[in-house]
Structures are given as C-alpha cells and as structure tokens.
Amino acid sequence: MGSTSDLPIMQQAIDILKELDIETEVDVVSAHRTPEKMFDFGTTAHERGIAVIIAGAGGAAHLPGMVASLSPLPVIGVPVKSSNSIDGWDSVLSILQMPGGVPVATVALDGGKNAGILAAQIIGATQEDMRSRIMAYKQSLKEKVIAGSKQLRDNG
C-alpha cells in the first residue's frame, strides 16, 4: 500500500487471502516518497515467490501502475478514497487508465476484498487446490443468500 492510512481497506484483502490460506506479504511502498523501495519491490517480487501483487493507493494513486511497469507479475490496483482524494475518482482513474502494455486489473473504490478474491482466482487458474477453495468460497456465498432469502420469506 502507498501509506499506512490505506491499511483499513487493504486489510480486507489480507483477511480474505488468509481465509483462503494464501500467504501474504504486507508493506508500505510509496511511489512518491520511497521510489527506490518501490523499484526494488517491483523488480524482485517474482524472485521472492510472489504470484500476484495487490497495490492499494489513494490520491494520485501511482503505485499500482508504477509497480506494473516494473514487474512481470499481474498487478491488481485498489483505488482508496483518501483524505486528499477527490471523492476517490482521482484514484480510480489513475489506476484504471493505464497505457497499452502496462495493464493493471482495477477493482472498485475501496474494494480490498475483491482484490484478494481476484488474486486467489488468478492463482487458482493454475493451481487446482486454490481453485477448489475459491469454488467452496463462492458456494458459501450462494448458501448465505439462500439462507437469507428463506429467513426473509419465513418471517414475512
């Protein structure tokens, strides 16, 4: 994440990844305040066994795109509505509007949970055990909706 102020949103991704039994590496890497650290992270993440990078940032939100420019790994950008943000639109557009050749998958504003699920799905594309966990997770979502629907009808 670009700042510790992004942690409440990024915690959603951390939580779902842990729920799905995916090891995480969490750090603050600012594109503007620690560019050397960002460069090192982006150029070496794949060497450390990282499979997918989730980068959350608010305001100008350069972190996801800059990391994507440096890394051969898929990058998921999480736009964060921050204190210096223009209702989050600046972050959304900064991450969404990447030039050709430097893709960043972008989730909804403050969509940390979906970033974690998408990362798991990317891993699951080539790892059957992860795919099974994702399928079980999605089945649990279906069961919650069915249970809620039944409860509503029974109490209505």
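Derivation of every value follows stated rules applied to the coordinates shown; laboratory data play no part. Quantities reported herein were computed from a predicted structural model and do not represent experimental measurements. Virtual Cβ from ideal backbone geometry, glycine too; neighbours counted across all protein chains shown.
Quick notes on this structure:
- Percentage relative contact order, the chain, counting C-alpha pairs under 8 Å, at least six apart: 22
- In plain terms, the residue of Arg131, Arg153 with the fewest other Cβ atoms within 10 Å comes first and the most crowded comes last, giving Arg153, Arg131.
- Per residue, the Cα convex hull of the chain amounts to 131 Å³.
- Going from the fewest other Cβ atoms within 10 Å to the most, the residues Val107, Val78 appear in the order Val107, Val78.
- FRET efficiency for the pair Thr44 and Ser140, taken as 1/(1 + (r/R0)^6) with r the Cβ-Cβ distance and R0 = 30 Å, rounds to 0.25.
- For the chain, lysine pairs separated by 8 or more sequence positions, or belonging to different chains, with Cα-Cα distances below 25 Å total 12.
- Charge-dipole axis of the chain as Lys and Arg at +1 and Asp and Glu at -1 on Cβ define it, positive-most pick from His62, Leu118, Pro72: Leu118
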